[in-house]
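Data block below; observations after.
Bear in mind that the values in this text are calculations on the coordinates, not laboratory data. These numbers were taken from a predicted model, which means no experiment stands behind them. Neighbour counts run over all protein chains shown; Cβ positions are idealised from the backbone, glycine included.
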Amino acid sequence: MEPVLPAAQLQGDVDELVLLAAHQLAPAGLDEDLGAGDAVAVGDAVGVLQEAGVDAGVAHHERHAVELALLVHHREHDILGGVGDIDHLVAQKRVDRIVVGLSDRRGRLPIEQLLRAKLSGVRVEDATTTYERLTGKILVDDLKPSWLIFSDGFRASRWTRFVKRMLDLSLSLIGFILASPLMLLTALAVKLESPGAALYSQERVGENGRVFKIYKFRSMRPDAEQAGSPIWATDKDPRVTRVGRVIRLTRLDELPQLWNVLNGDMSFVGPRPERPFFVERLAREIPFYMQRHAVKPGVTGWAQVKYRYGSSIEDAMEKLRYDLYYIKHLSVFFDLTIVLDTVKVILFGKGAK
């Protein structure tokens, strides 16, 4: 995004302060804004908010790495002051939230001003937390391990895990009974269209990195990976058969995984399991990728209902953001919400390839 104001307009030895229209904090697809009042973003929080879908204008000062953004109820952007003006601006603009986004806070964080604001009733919030709340995903690009360690969540109780397992068994048993005729028809259609088995198994990485065999209806030609190495499916993949395209679009190819849920390899809801070949590659490229294996993989998941089918490292990074959010907020209610959202995805055919 182009700077809203040229750097030349900054006068003197000041940190950057940017005015942002508050009505831009709730664009389409975001569930909530930053609150009824105003918010101040400190550091690179403006960039984080932009990534979250907020149309934030940023004025860049070449001599200063610290950015300070004031989000208030105005329709125009402007530079209002520097770090020393926080006390005045918080009082004058009735700020109720401060978002801090400094990647390196040592010696750069305006501690006294933030502490005074905090004690006066202003909420001081990390930019990663704001991004999470606005988007339903966790920003992993510059995420510090300490944030994962000290933030709330990432701790499902034994009772939650027990109820989740009971829900898995119930849903998979009911699913098997209701879907049995459909599964027989699907197997017959796959078998009639092309030679080879209707059902196949593949190695996938599950909870705590344990490798297991996943079962699916075959949707590609038997020679789909003739070269010997795994290949990601792509949009309009020529290896997909006509029947395969239909069962992928409707998720019918995933129905045999109900058996994986019954035997405990998978859960009904969780991060989608990936093949060991891709896991090894993605773990080298994407920070915190292995942390998605902290829970059982799922037949469906938060990433599946929020994002399209992935076929690249960039897609895997985006899905990891959703997966970590799911793991952090894991609950039975969240699982039921995802199941309902999955039904909507199936009906409208989003995400499948």
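Give the cross-link partners of Lys93 among the lysines, using a straight C-alpha distance below 19 Å as the criterion and excluding same-chain residues fewer than 8 apart.
Those lysines meeting the cut-off are Lys118.
What is the P(r) of region 158-348, as percent of Cα-Cα pairs per 10 Å bin from 0?
With 10 Å bins starting at 0, P(r) equals 9, 36, 39, 15, 1.
Which whole-angstrom value gives the distance between the alpha carbon centres of region 186-212 and region 266-312?
The distance from the Cα centre of region 186-212 to that of region 266-312 comes to 18 Å.
Taking the Cβ of Val261 as the center, what net charge do the other residues with Cβ under 10 Å away carry, scoring Lys and Arg +1 and Asp and Glu -1?
Value of the local net charge: 0.
Measure up Lys236/Lys296; Lys164/Lys328; Lys216/Lys328; Lys191/Lys216 against 20 Å on the Cα-Cα distance and list the ones that go over.
Beyond 20 Å between Cα atoms: Lys236/Lys296; Lys216/Lys328.
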